[in-house]
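Undergrad: Quick one: structure below, then a few questions.
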Amino acid sequence: MKSSEEWVKETRKFELLYPQDKISQRIKELGQEISHDYAERDPIIIGVLKGCVIFLADLIRNISIPVELEFISASSYNEHLRANDEVLMTGGPKVSISGRHILLVEGVVDSGQTVRAIIDRLRFLEPATIAVVTLLDKPGCRKVEVDIAYRGFETGNDFVIGFGLDAAQRYRNLPFIGRVIE
């Protein structure tokens, strides 16, 4: 496997923000926090596709309590790396979430519009609680307020790639997070 430095040197389209070992350590800590906080709650984890996939896979392996797993697809980005005001959603939980505790897992929360739209949609299904878990939180990009219960890292307004996050559907496979250089 290539090191973070080898990837950066090879592509020269971004710079390293969070190396793989730092991400892994933080995900382990998040898993422990969630395991403690939800020990008696029987949570359902709903992953927001596609950006959550790598983060979610590592996160659930670090959660020591039983969880159920569902997915929803939602996006407010177009092919030009800019957020739209419209959120496109498909899918959603295939099981009843009424009265259940939901952990909504995102790769990155920036404008907040996508997370807010998903939460509004899920509330119609009457869950007991909904908490947001994100690998990256970009509060400087917020257009709508959202409460983040569990965050991996707080970062600036830069467009980021790697560890499931993409630029025009590319670079999700990078084992670290990098800032795109315009």
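Undergrad: Assuming R0 = 22 Å, can you tell me the calculated FRET efficiency for the pair Q32 and E68, based on Cβ-Cβ distance, to the nearest 0.05?
TA: 0.65
Undergrad: Kirkwood Rh over alpha-carbon pairs of the range 92-133, then Stokes-Einstein at 25 °C and 0.890 mPa s: what D in µm² s⁻¹, rounded to an integer?
TA: Taking Rh from Cα pairs, D becomes 230 µm²/s.
Undergrad: A further question on this structure: In the neighborhood of I148, defined by Cβ-to-Cβ distances under 11 Å, what is the net charge if each Lys or Arg adds +1 and each Asp or Glu adds -1?
TA: Net charge in that neighbourhood comes out at -2.
Undergrad: Ratio of Rg to Rh for the chain, alpha carbon only, Kirkwood?
TA: Working: Rg = 16.0 Å, Rh = 16.6 Å.
We get a ratio of 0.96 for the chain.
Undergrad: With the dipole of the chain worked out from charges on the C-beta (+1 for Lys and Arg, -1 for Asp and Glu) around the Cα centre, which of I130, I148, Q25 lies farthest toward the positive end?
TA: Positive-most Cα among the choices belongs to Q25.
Undergrad: Provide the gained length on full extension for the span N173 to K22, in nm with one decimal, where the gain is 0.36 nm per separating residue minus the Cα-Cα distance.
TA: 52.7 nm
Undergrad: Right, another one. Can you order the peptides 56-63, 116-123, 43-50 by their average number of other Cβ atoms within 10 Å per residue, highest first?
TA: Result, highest mean Cβ count within 10 Å first: 43-50, 56-63, 116-123.
Undergrad: While we're here: Towards the positive end of the charge dipole of the chain, with charges on Cβ (+1 Lys, Arg; -1 Asp, Glu), say which of A74, S98, I46 has the farthest Cα.
TA: A74
Undergrad: Once you charge only the Cβ atoms, +1 for Lys and Arg and -1 for Asp and Glu, what is the size of the charge dipole of the chain about its Cα centre, to the nearest 20 debye? Mind dumping the intermediate values first?
TA: On the way: 23 positive and 27 negative charges, 68 e Å.
Dipole magnitude for the chain comes out near 320 debye.
Undergrad: Packing-wise, with mean Cβ within 10 Å as the measure, how do 167-177, 141-151 rank, highest first?
TA: For the peptides 167-177, 141-151, the packing ranking is 167-177, 141-151.
Undergrad: Under the rule of at least 5 residues apart or a separate chain, name every residue whose amide H is placed under 5 Å from the amide H of F14.
TA: Amide H neighbours of F14, under 5 Å, 5+ apart: I181.
No value in this document is a laboratory result; all are computed from the given coordinates. Predicted, not measured: the structure shown is a model, and the values here were computed from it. Note: ideal-geometry Cβ built from the backbone for every residue, glycine included; neighbour counts use all protein chains shown.
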